[in-house]
Amino acid sequence: MNNIFTVMKFTMKEMIKRKSFIISTIIMLVLIVVGFNVPNILKKIQGDSVQSRILIIDKDNIFEGNLEYLKQADLGEEVVINNSATFDDIKKGIEDETIDSAMIIEKQDNNVKIRYVVENTAMMNGVPEEIINIINTTYTNIQISKLGLTPEELQSITPNFEFSLEQTEEEEVHGNVFVMMLMSLALFYAIYFCAYQVSSSITTEKTSKIIETLVTSTSPRTIILGKTIGIGLVGLLQMIVLVGTALISAKAFLEPELIEQILDVTSFTPYLAAVTIVYFILGYFAYSLLYALTGSTVSKPEDIQSANTPVAFLTLIGFYLSYFTMMNPTSELNTFAAMFPISSPFCMPFRVMMGITSTQEVLISIGILFVTIFIIARIAIKIYSNAILNYGTKMSIKDIAKIYRDNN
């Protein structure tokens, strides 16, 4: 046990001292702070935003002066009423930038024609829908009031509609999808990149011959476990710093309403936090053991990328399997992804957040992941023990399989 702690401490020191680790951590912290500051930066660059102005002309007094209500409505635009303005006045106003657009309302037989005038229609998505809705409602109310209807008759014509969203499936889904996606990306980064560092560390130490000293001082099993735990602790610490910085930046730089709308973490409970940490640890161990195996098969840093490709491909399959099934969380494929060991670290925490899984399912998933880790560990340690001192060319899958057969 002491040897594991020694290897673990050595690995953590080497990891923290690496320039690549320090620089990448600083860059990510800066990007997080700047990212949450983007709204404030845009405000400073643009200055105080000026509302666009729309001129409304009711030449025939169709609305009997009731369009003044538009000035009090929250339309995101400043409304100007001038019933005597001509088309030339509109053109001049747009050229002088005193107005941005205009709406001309005219009576044609039994119809009401509305002409929406802008400088160039190529940049427009159509007539502002909110203004059209208010104009329609206002005109309808004017015509209804002229009919002399009683309050009861008026209520029967214009009822209050109440809308509710319901589902046919028995399982009710909760949680913020945006927060789930952020958690998915954070877990993927933590597991993938931290596990990747295991193979990078082993290959670097093979190049510098440090691994020979370690092998003569302790067993290969102690080395692989010590390195895995050491790099995992550094990765977990890095993630805590990054997530903490993100939360502090969000609190400091974003509007409270925006935080409540986008970063709604009301469904994030202590139970969910515990499940997420457990799956991070287990997922990290599963992938880091595989990366330790691939790292021991190469002796040059430039060969790491190609050696790690099969494991990286496996990681991506697990991530995307859980990510895309999150769009339909109650599907059977999502249930499978929560049990499948390569995707369960990314999928199960979100099922817990959404409230669509039981404690029994979580325990079964963890049990499957434990068994998978045990099998991977046995295979990885056997192959690692024989491949760690290989300084020749990169070992192929056939060579790795031969080593494992010979050991058995």
Ser145 - accessible surface, heavy atoms, 1.4 Å probe, Å² rounded to 10: 80 Å²
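Checking the a/c ratio against 1.5 first, then a/b against b/c, what shape does the Cα gyration tensor give for segment 308-353? Numbers along the way, then the final one.
Details: a/c = 2.38, a/b = 2.07, b/c = 1.15.
Prolate, because a/c is 1.5 or more and a/b exceeds b/c.
Quick one: order Arg351, Arg18 from most to least accessible surface, probe 1.4 Å.
Values: Arg351 10, Arg18 50 Å².
Listed by decreasing accessible area, they come as Arg18, Arg351.
The values are calculated or read from the model by the stated rules, or taken from the named source; none is laboratory data. On a predicted model such as this, the values are computed, not experimentally measured, just so you know. What goes into the accessible areas is simple: the full protein's heavy atoms, side chains included, and nothing from ligands, DNA or RNA. Shrake-Rupley method; radii C 1.70, N 1.55, O 1.52, S 1.80 Å.
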